[in-house]
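The values are calculated or read from the model by the stated rules, or taken from the named source; none is laboratory data. Keep in mind that what you see is a predicted model, and the values were worked out from it rather than measured. With ideal geometry, Cβ positions are generated from the backbone for all residues, glycine too; neighbour counts draw on all protein chains shown. Each accessible area value is taken on the protein alone, full model and side chains, heavy atoms only, with ligands, DNA and RNA left out. Shrake-Rupley method; radii C 1.70, N 1.55, O 1.52, S 1.80 Å.
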Amino acid sequence: LAAIITYMLLASQFESLVHPFTIMGAVPLAAIGALGLLLVTGMSLNLYSFIGLILLIGLEVKNSILLVDYTNTLRARGRDRDTALREAGPVRLRPILMTSLTIIFGVSPIALGLSEGAELRQPMAIAVIGGLATSTFLTLLVIPVLYSLMDDGVEWAKRRVHAIEKHGWRGGWSPAHPAE
């Protein structure tokens, strides 16, 4: 439910049905890191670790939003897609690292179990740390690739629709002849 609501909010914010998929492409990377660190530390999946996973959706989407939003801004200023992606990564690296490290260091005392009753909240903190550690690094690599792939897919679909509008179904797939 959190992922669906996040998608709807991103679709309205970016006025696009494609870019939210690009942005949310980092969520599985966060889940892998969270579940991996829970496994390594011997923590169980419980209510608190699931709360950490839900929290992770919002935290990781934030990193992707920073990257995709600045890429879109650069493209609106006239840069081509590849140049915009190459410029957006280094410019947004610092804010992404600062916010992710702040969260990781903020939940570290809980993950270490240094306070009274922390053992209940430990799985949540460990899930957040594991998810943010892996997804922050991988976001900087995967999101630009997903952005390029999604952009290529949109351009292909636009060309295909334009060709169909111009020439009809001739030379392409047709509902009457789907095997062509």
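Tally the residues that are more than 17 Å from Val107 (Cα to Cα), hydroxyl-bearing (Ser, Thr, Tyr) and in contact with a Lys or Arg (Cβ under 8 Å, 6 or more places away or on another chain), restricting the search to region 35-70.
Selection size over region 35-70: 1.
Kindly evaluate Ser100 against the criterion of being in contact with a helix residue (DSSP H, G or I) (Cβ under 9 Å, 6 or more places away or on another chain), surrounded by 18 or more Cβ atoms within 10 Å (Cβ to Cβ) and at pLDDT below 90. Walk me through how you get there before you give the answer.
Details: in contact with a helix residue (DSSP H, G or I) (Cβ under 9 Å, 6 or more places away or on another chain): yes; surrounded by 18 or more Cβ atoms within 10 Å (Cβ to Cβ): yes; at pLDDT below 90: no.
The answer is no for Ser100.
Does region 112-122 contain any residue that is within 21 Å of Ser44 (Cβ to Cβ), open to solvent by less than 50 Å² (accessible area, probe 1.4 Å) and modelled with pLDDT of 90 or more?
Yes, there is a match, as at least one residue in region 112-122 is within 21 Å of Ser44 (Cβ to Cβ), open to solvent by less than 50 Å² (accessible area, probe 1.4 Å) and modelled with pLDDT of 90 or more.
Looking at region 42-92, which of its residues are closer than 19 Å to Gly25 by Cα, in contact with a Phe, Trp or Tyr (Cβ under 7 Å, 6 or more places away or on another chain) and free of Cβ contacts under 8 Å to residues at least 60 places away in the same chain?
Ala88, Arg92
Scan the helices (runs of 4 or more DSSP H) fully inside region 1-113 and keep the ones with 2 or more residues being over 17 Å from Val145 (Cβ atoms).
Fully inside region 1-113 and qualifying: 2-14, 27-41, 47-76, 81-112.
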